[in-house]
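The values are calculated or read from the model by the stated rules, or taken from the named source; none is laboratory data. It should be emphasised that the depicted structure is a prediction, and the values quoted were computed from it without experimental measurement. Cβ coordinates were reconstructed from backbone atoms using ideal geometry, including for glycine residues, and neighbour counts include every protein chain displayed.
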Amino acid sequence: MAESTPDSAVPVLQLQHLHKTFRVGFWAKKVPAVRDVSVTLQAGESLGYLGPTGSGKTTSIKCLLGLVVPTGGQARLFGRPATDPHARARVGYLPESPYFYDYLTPTEVLDYVGKLYGLSAADRSRRTRELLGLVGLDEAARRPLRGFSKGMLQRVGIAQSLVADPQLLIWDEPLSGLDPMGRKEVRDLMVELRRQGKSLFFSSHVLGDIEALCDAVCILDRGVAVAQGKLSELLRPDALESEAVLGLPADLDGALQALQALPEAAVNRTATGVRVVLPTAAVPALCRIVADLSLDLRELSARRDSLEELFLRKAVARGAEAAG
Ligand SMILES: Nc1ncnc2c1ncn2[C@@H]1O[C@H](COP(=O)(O)OP(=O)(O)OP(=O)(O)O)[C@@H](O)[C@H]1O
Ligand SMILES: [Mg+2]
């Protein structure tokens with residue numbers, strides 16, 4: 001099928017009803033890690049595969065790389081089964097916790113990976129220099145990995161995934177173990193790789209970190225995709241809620257009574273004043289109360305929808321469905 005279809009029409013990555021149940025212990029107890037997940041990534045797109053710890057991200061990724069055999073469904077790369085070496089050769093993989101022999105230097109690791117991909121000595125040397133520069137490791141190029149921090153090892157992992165200039169990058173938690181500056185550098189690198197037309201499939205459990213990096217997301221909750229699609233469609237476009245912080249009013253009871261009468265307002269007393277969360281549409285009414293009672297309005301901010309809130313909505317809805 002893949003051979004007869006133009007490349008651009010074939011998804012670069014596809015999970016179709018993927019299912020994986022591990023069996024653990026003497027009694028072969030079933031541990032369902034992924035339950036019926038379907039995801040498609042087209043060439044040149046970037047997809048964030050998100051979810052909390054234990055939600056099944058790494059297991060799905062291992063199925064995509066042929067490292068774990070699915071219990072059901074399929075994992076496909078470039079229209080071929082994920083176990084096909086031709087498909088696998090076009091993928092750059094960053095494992096969740098990259099492990100290298102610690103007596104090697106970054107230069108030796110990248111040279112070795114280049115050899116595995118059959119690059120010539122000249123290409124390996126050029127590519128190693130380029131990539132070490134790209135991930136900011138030129139100065140540590142000839143130091144053994146033994147003394148490297150987790151963030152530095154993560155950079156070596158990222159560099160080795162790029163050696164063969166793959167079309168598709170599958171990165172498991174690329175932003176983990178990095179300090180804020182390191183995270184920014186990796187985010188910038190991801191933006192640059194997208195600009196070069198690479199396809200990116202990456203996992204993360206830090207939802208806020210990746211909002212700007214993906215065209216679409218798939219959010220897992222205990223092995224199930226609870227939300228999927230373009231961020232612009234999944235996140236509510238308007239700031240539906242606003243938050244006001246008021247100083248302690250002279251007439252606290254009178255102020256609380258007036259504020260609690262606002263439609264759908266959550267009014268809470270804090271150590272230093274009053275906090276009101278209310279629908280953005282009710283902000284003019286709040287401002288009138290502030291003016292009428294001469295309240296001390298210290299902060300007024302719109303609360304935009306975020307991936308965190310989307311996840312919580314979906315996870316709560318799923319819990320309620322299961323309970324009902
Ligand atoms: N080899 C294994 N044997 C048994 N259970 C496993 C195995 N690998 C994963 N699991 C279980 O499958 C579930 C999903 O794990 P997975 O590592 O895929 O989650 P994850 O979303 O990548 O989590 P994290 O954010 O912590 O990396 C967990 O309950 C985990 O304990
Ligand atoms: Mg994981």
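If you go through the range 71-92 one residue at a time, do you hit one that is surrounded by 18 or more Cβ atoms within 10 Å (Cβ to Cβ), touching a residue at least 40 places away in the same chain (Cβ under 8 Å) and either outside the structural domain of D221 (by TED's automatic domain parsing) or within 19 Å of G177 (Cβ to Cβ) (or both)?
yes
Filter the range 157-182 for residues that are of a type in the set (D, E, K, R) and surrounded by 18 or more Cβ atoms within 10 Å (Cβ to Cβ) and give the result.
Across the range 157-182, the qualifying residues are D172, E173.
Among the candidates L220, L131, L207, which residue alone is crowded, with 21+ Cβ neighbours inside 10 Å, within 30 Å of R318 (Cα to Cα) and among the hydrophobic types (A, V, I, L, M, F, W, C)?
Details: L131 fails: within 30 Å of R318 (Cα to Cα); L207 fails: crowded, with 21+ Cβ neighbours inside 10 Å.
None of the other options fit; the residue is L220.
Scan the range 8-15 and tell me whether some residue there is within 26 Å of R318 (Cα to Cα), modelled with pLDDT of 95 or more and crowded, with 20+ Cβ neighbours inside 10 Å.
For the range 8-15, residues within 26 Å of R318 (Cα to Cα), modelled with pLDDT of 95 or more and crowded, with 20+ Cβ neighbours inside 10 Å: present.
If D188 meets every condition in (1) over 27 Å from Q228 (Cα atoms); (2) acidic (D, E); (3) without any contact (Cβ under 8 Å) to a residue 24 or more places away in the chain apart from one, which number is that one?
Going through (1) over 27 Å from Q228 (Cα atoms); (2) acidic (D, E); (3) without any contact (Cβ under 8 Å) to a residue 24 or more places away in the chain one by one, D188 breaks only (1).
Quick one: V267 ticks every box in (1) closer than 30 Å to K57 by Cβ; (2) in a strand (DSSP E or B) bar one, so which box is it?
Checking V267 against (1) closer than 30 Å to K57 by Cβ; (2) in a strand (DSSP E or B), the one that fails is (1).
Just for the range 41-59: of the residues that are within 7 Å of ligand 1 (Cβ to nearest atom) and either surrounded by 22 or more Cβ atoms within 10 Å (Cβ to Cβ) or among the aromatic types (F, W, Y) (or both), which one is farthest from the chain's Cα centre (by Cα)?
Of all residues in the range 41-59, those within 7 Å of ligand 1 (Cβ to nearest atom) come to 51-59.
Narrowing the set further to residues that are either surrounded by 22 or more Cβ atoms within 10 Å (Cβ to Cβ) or among the aromatic types (F, W, Y) (or both) leaves 51, 55-57, 59.
Values: G51: 8, S55: 13, G56: 13, K57: 10, T59: 15 Å.
The residue in question is T59.
Please count how many residues of the range 242-281 are under 18 Å from D292 (Cα atoms) and surrounded by fewer than 11 Cβ atoms within 10 Å (Cβ to Cβ).
Residues flagged as under 18 Å from D292 (Cα atoms) and surrounded by fewer than 11 Cβ atoms within 10 Å (Cβ to Cβ) within the range 242-281 amount to 2.
Answer yes or no as to whether L220 is closer than 21 Å to R35 by Cα and in contact with a helix residue (DSSP H, G or I) (Cβ under 8 Å, 6 or more places away or on another chain).
Details: closer than 21 Å to R35 by Cα: yes; in contact with a helix residue (DSSP H, G or I) (Cβ under 8 Å, 6 or more places away or on another chain): yes.
Answer is yes for this residue.
I'm trying to understand the selection: among the residues of the range 162-205, which are within 16 Å of ligand 2 (Cβ to nearest atom) and either out of contact with any helix residue (DSSP H, G or I) (no Cβ under 6 Å at 6 or more places or on another chain) or not in a loop (DSSP other than H, G, I, E, B) (or both)?
I170, W171, D172, E173, S176, F201, F202, S203, S204, H205
What are the residue pairs meeting all of these: first residue in the range 301-317, first residue assigned by TED's automatic domain parsing to the domain that holds D215 and modelled with pLDDT of 80 or more, second residue part of a strand (DSSP E or B) and exposed (fewer than 14 other Cβ atoms within 10 Å of the Cβ), Cβ atoms under 6 Å, and 6 or more apart or on different chains?
none
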